[in-house]
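The values are calculated or read from the model by the stated rules, or taken from the named source; none is laboratory data. Just so you know, these numbers come straight off a predicted model, no measurement behind them. Here the Cβ positions follow ideal geometry from the backbone for every residue, glycine too, while neighbour counts run over all protein chains shown. Ligands, DNA and RNA are excluded from the accessible area calculation, which covers all protein heavy atoms including side chains. Shrake-Rupley method; radii C 1.70, N 1.55, O 1.52, S 1.80 Å.
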Amino acid sequence: KQVLSMSIYTPPERYVDDESRRYFYARLEERIAMMPGVESVGFGTAAPAEFVPDAHYEIEGAAVPEAALRPAVARFVARAGYFQTLRVPLAAGRAFANTDRASTLPVVIVNQQFANAHWPAESPIGKRLRFFGADEPMRWLTVVGVVGNVVQNDRTRQTFEPLVYVPYEQNPQANMFVFARTRGTPETFAAAL
């Protein structure tokens with residue numbers, strides 16, 4: 001309720017590199033936030049309940065299984081305002097900030113389901129994990145926040161899955177969803193958006 005969403009694609013022939021996509025989404029966020037009646041703006045790779053692709057991962061300090069047995073988790077890319085706009089509660093640590101850049105410490109936020117599975121008796125803040133790309137380990141990512149569970153990968157909205165969120169600035173994507181929380185009926189903003 002009170003949130004308008006729209007899918008956006010930045011074609012590679014026009015947005016030729018990560019920096020041009022970062023610039024586009026930053027300017028778009030500014031313009032939408034200035035629209036009268038818009039409370040907040042967020043971007044994410046999928047709408048709630050929709051499919052988010054899995055990525056294989058490992059937790060620092062845990063036993064490393066062979067490639068075929070590596071666990072996988074839904075990997076969601078979000079910009080700084082995503083959690084606020086969708087009113088996903090922050091349980092510990094912090095949300096993403098505009099200071100989470102490509103040149104700064106690589107970070108992640110995990111949902112409560114993921115945190116409970118891996119660190120049931122301790123704080124996840126400061127723990128590290130990494131994903132695998134083409135069977136090669138990627139850089140270590142530091143957990144800076146824990147958020148409430150959101151239904152994802154389940155159109156029946158029956159279950160919560162573990163989710164790991166990575167910041168857009170450190171993981172630019174061509175396809176994103178924009179979410180605008182409005183004070184009025186969201187549909188009245190559709191044409192302007």
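Our coupling estimate for the range 149-158, obtained by passing each phi through the Karplus curve with A = 6.51, B = -1.76, C = 1.60 and θ = phi - 60°, is 6, 10, 5, 9, 6, 7, 5, 7, 6, 9 Hz, Gly and Pro reported as x. A Gaussian network model of the chain, with springs between Cα atoms under 10 Å, assigns the largest mean-square fluctuation among Ala95, Ala180, Ala117 to Ala117. Applying 1/(1 + (r/R0)^6) with R0 = 25 Å to the Cβ-Cβ distance of Asn153 and Gln2, what FRET efficiency is obtained, to the nearest 0.05? That gives a FRET efficiency of 0.55.
In the assembled protein chains, Ser40 presents an accessible area of approximately 10 Å² (probe radius 1.4 Å).
The value of relative contact order for the chain, using C-alpha pairs under 8 Å at least six residues apart, is 37 percent.
The gain in end-to-end length when the Glu39 to Phe51 segment is fully stretched comes to 1.7 nm, 0.36 nm per residue minus the alpha carbon separation.
Over the Cα atoms of the chain, the radius of gyration divided by the Kirkwood radius equals 0.97; this is the Rg/Rh ratio.
Using a Gaussian network for the chain with springs between C-alpha atoms less than 10 Å apart, which of these wobbles most: Asp18, Asp54, Asp135? Top of the fluctuation ranking is Asp135. For an R0 of 41 angstrom, estimate the FRET efficiency from the Cβ-Cβ distance between Ser20 and Leu90 and round to the nearest 0.05. Efficiency, rounded to the nearest 0.05: 0.85. Take every DSSP beta bridge whose two residues both sit in the chain, then give the antiparallel share in percent to the nearest 5. Bridges in the chain that DSSP calls antiparallel: roughly 75 percent.
When both the range 118-193 and the range 45-99 are represented by their alpha-carbon centers, they are found 5 Å apart. Projecting the Cα atoms of Ala68, Thr188, Tyr9 onto the charge dipole of the chain, computed from C-beta unit charges around the Cα centre, puts Thr188 farthest toward the positive end.
Using per-residue counts of other Cβ atoms within 10 Å, averaged over each peptide, order 96-102, 73-79 from highest down. Show your work: numbers first, answer last.
Numbers: 96-102: 14.9, 73-79: 22.0.
Those peptides, ordered most packed to least, come out 73-79, 96-102.
On C-alpha positions alone, give me the angle between the axis of helix 18-33 and the longest principal axis of the chain, in degrees, nearest 10. For helix 18-33, the angle is close to 50 degrees. Take every DSSP beta bridge whose two residues both sit in the range 53-158; close to 70 percent of them are antiparallel.
Computed over the chain with a Gaussian network model linking Cα atoms closer than 10 Å, the most mobile of Val108, Val88, Val143 is Val88. Distance between the pseudo-spin-label points of Leu69 and Trp119 (7 Å out from Cα toward the beta carbon): 2.5 nm.
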